[in-house]
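S.K.: The structure follows.
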Amino acid sequence: MTLTDILPSMRRVIADPFAADSWPERTHPTVDDVVIGGVSLVRLASICETPCVHTGAALIPRSGGRVSPVDDATAIVVSVRTVSRHTSGAIVVQVDGRLGCAPVVIGELRLIGRISTVHDTAVVVGLDDEGPSVAVVDLPADLRVGDLLAVPCPGDVTVGRLRRRHAR
């Protein structure tokens, strides 16, 4: 449990913690964004639309930040398409990217583009159009349509892999 879990209002001044080894090199979270090598993922999404990706060199796990000479890592940005409540009361969201098509580090999924001071809750995220491919992650309880979510992924992932079949 982190300080921002206990006191979500602290998100106004400090970024939620992140697992640096999961993200591309030179990744720095801010209170409302993730910046990779000087590139804001919020700005990238505004220019490229979602889903979008930013790929860079991966970090060697548990190395203290050493860059891998051979491996890549990708940051994926998706937009929330729908937010609903299941009969159990759980929040269910669908995003505009097929996250089930990539080996995303789902525990690192984070809200970008705005600061939420609401406590996190378990959110069911639909990963794909087909079948019951879902993941449960802790996200702010006030998620809404249009919110941006960022998540890292090992390897080099292309936008074409993430686009929903009916998009464009």
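The values are calculated or read from the model by the stated rules, or taken from the named source; none is laboratory data. Note that the coordinates shown come from a computational prediction; the quantities given were computed from them, not determined experimentally. For neighbour counting, all protein chains shown are included, and Cβ atoms are generated from backbone atoms with ideal geometry for every residue, glycine included.
S.K.: Can you tell me which residue is nearest to A150 (Cα to Cα) among those in region 8-33 that are in contact (Cβ under 8 Å) with a residue 24 or more places away in the chain, of a type outside the set (D, E, K, R) and in a helix (DSSP H, G or I)? Steps first, answer last, please.
M.R.: To start, the set of residues in region 8-33 that are in contact (Cβ under 8 Å) with a residue 24 or more places away in the chain comprises 8-9, 11-12, 16, 18-27, 29, 31-33.
In the following step, the residues that additionally are of a type outside the set (D, E, K, R) were identified as 8-9, 18-20, 22-24, 27, 29, 31.
Add one more test, that the residue is in a helix (DSSP H, G or I), and what stays is 8-9, 20, 22.
Details: P8: 19, S9: 21, A20: 14, S22: 12 Å.
Of everything passing the filter in region 8-33, S22 is nearest to A150 (Cα to Cα).
S.K.: Continuing with the same structure: Since S84 meets every condition but one in (1) small (G, A, S); (2) in contact with a strand residue (DSSP E or B) (Cβ under 6 Å, 6 or more places away or on another chain); (3) outside any strand (DSSP E or B); (4) surrounded by fewer than 16 Cβ atoms within 10 Å (Cβ to Cβ), which condition does it not meet?
M.R.: Of (1) small (G, A, S); (2) in contact with a strand residue (DSSP E or B) (Cβ under 6 Å, 6 or more places away or on another chain); (3) outside any strand (DSSP E or B); (4) surrounded by fewer than 16 Cβ atoms within 10 Å (Cβ to Cβ), only one is false for S84: (3).
S.K.: If you don't mind, another one. Restricting to region 58-80, and then to whatever is in contact with an Asp or Glu (Cβ under 6 Å, 6 or more places away or on another chain) and surrounded by fewer than 16 Cβ atoms within 10 Å (Cβ to Cβ), can you tell me which residue is modelled with the highest pLDDT?
M.R.: In this case the residue turns out to be V67.
S.K.: Quick check, is A45 on the phi < 0 side of the Ramachandran plot, in a strand (DSSP E or B) and surrounded by 12 or more Cβ atoms within 10 Å (Cβ to Cβ)? I'd like the intermediate steps shown before the answer.
M.R.: Details: on the phi < 0 side of the Ramachandran plot: yes; in a strand (DSSP E or B): no; surrounded by 12 or more Cβ atoms within 10 Å (Cβ to Cβ): yes.
Considered against the rule, which asks whether it is on the phi < 0 side of the Ramachandran plot, in a strand (DSSP E or B) and surrounded by 12 or more Cβ atoms within 10 Å (Cβ to Cβ), A45 comes out as no.
S.K.: Out of (1) touching a Pro at 6+ places or on another chain (Cβ under 9 Å); (2) β-branched (V, I, T); (3) exposed (fewer than 15 other Cβ atoms within 10 Å of the Cβ), the odd one out for I14 is which?
M.R.: All conditions pass for I14, except number (1).
S.K.: So, one more: Of all residues in region 59-73, which are more than 13 Å from D156 (Cα to Cα) and aliphatic (A, V, I, L, M)? Even if it seems obvious, please write down each step before you answer.
M.R.: Step one: list which residues in region 59-73 are more than 13 Å from D156 (Cα to Cα), which gives 59-69.
Answer for region 59-73, where residues must be more than 13 Å from D156 (Cα to Cα) and aliphatic (A, V, I, L, M): L59, I60, V67.
S.K.: Of all residues in region 48-57, how many are among the acidic types (D, E) and either on the phi < 0 side of the Ramachandran plot or buried (at least 21 other Cβ atoms within 10 Å of the Cβ) (or both)? It would help to see each step written out before you state the result.
M.R.: Kept after step one, since they are among the acidic types (D, E), are these residues of region 48-57: 49.
Next cut, either on the phi < 0 side of the Ramachandran plot or buried (at least 21 other Cβ atoms within 10 Å of the Cβ) (or both) only: none.
Here the count works out to 0.
S.K.: Now for a separate question. What number of residues within region 104-136 are closer than 22 Å to V35 by Cα and either of a type in the set (K, R) or touching a Gly at 6+ places or on another chain (Cβ under 7 Å) (or both)? Before the answer, list the steps.
M.R.: Of the residues in region 104-136, the ones closer than 22 Å to V35 by Cα are 104-117.
Checking which are either of a type in the set (K, R) or touching a Gly at 6+ places or on another chain (Cβ under 7 Å) (or both) leaves us with 110, 114.
Number of matching residues: 2.
S.K.: Exactly one of (1) surrounded by 12 or more Cβ atoms within 10 Å (Cβ to Cβ); (2) modelled with pLDDT under 95 is unmet by I6. Its number?
M.R.: Of (1) surrounded by 12 or more Cβ atoms within 10 Å (Cβ to Cβ); (2) modelled with pLDDT under 95, only one is false for I6: (1).
S.K.: With D71, D5 as the choices, which residue is in contact (Cβ under 8 Å) with a residue 40 or more places away in the chain and assigned to a strand (DSSP E or B)? Give the steps one after another, and end with the answer.
M.R.: Values: D5 fails: assigned to a strand (DSSP E or B).
Only one candidate qualifies: D71.
S.K.: Filter region 31-61 for residues that are among the aliphatic types (A, V, I, L, M) and more than 15 Å from the chain's Cα centre (by Cα) and give the result. Outline the logic, then answer.
M.R.: The first filter runs over region 31-61 and keeps only residues among the aliphatic types (A, V, I, L, M), leaving 31, 34-36, 39, 41-42, 44-45, 47, 53, 57-60.
Matches in region 31-61: V39, I47, A57, A58, L59, I60.
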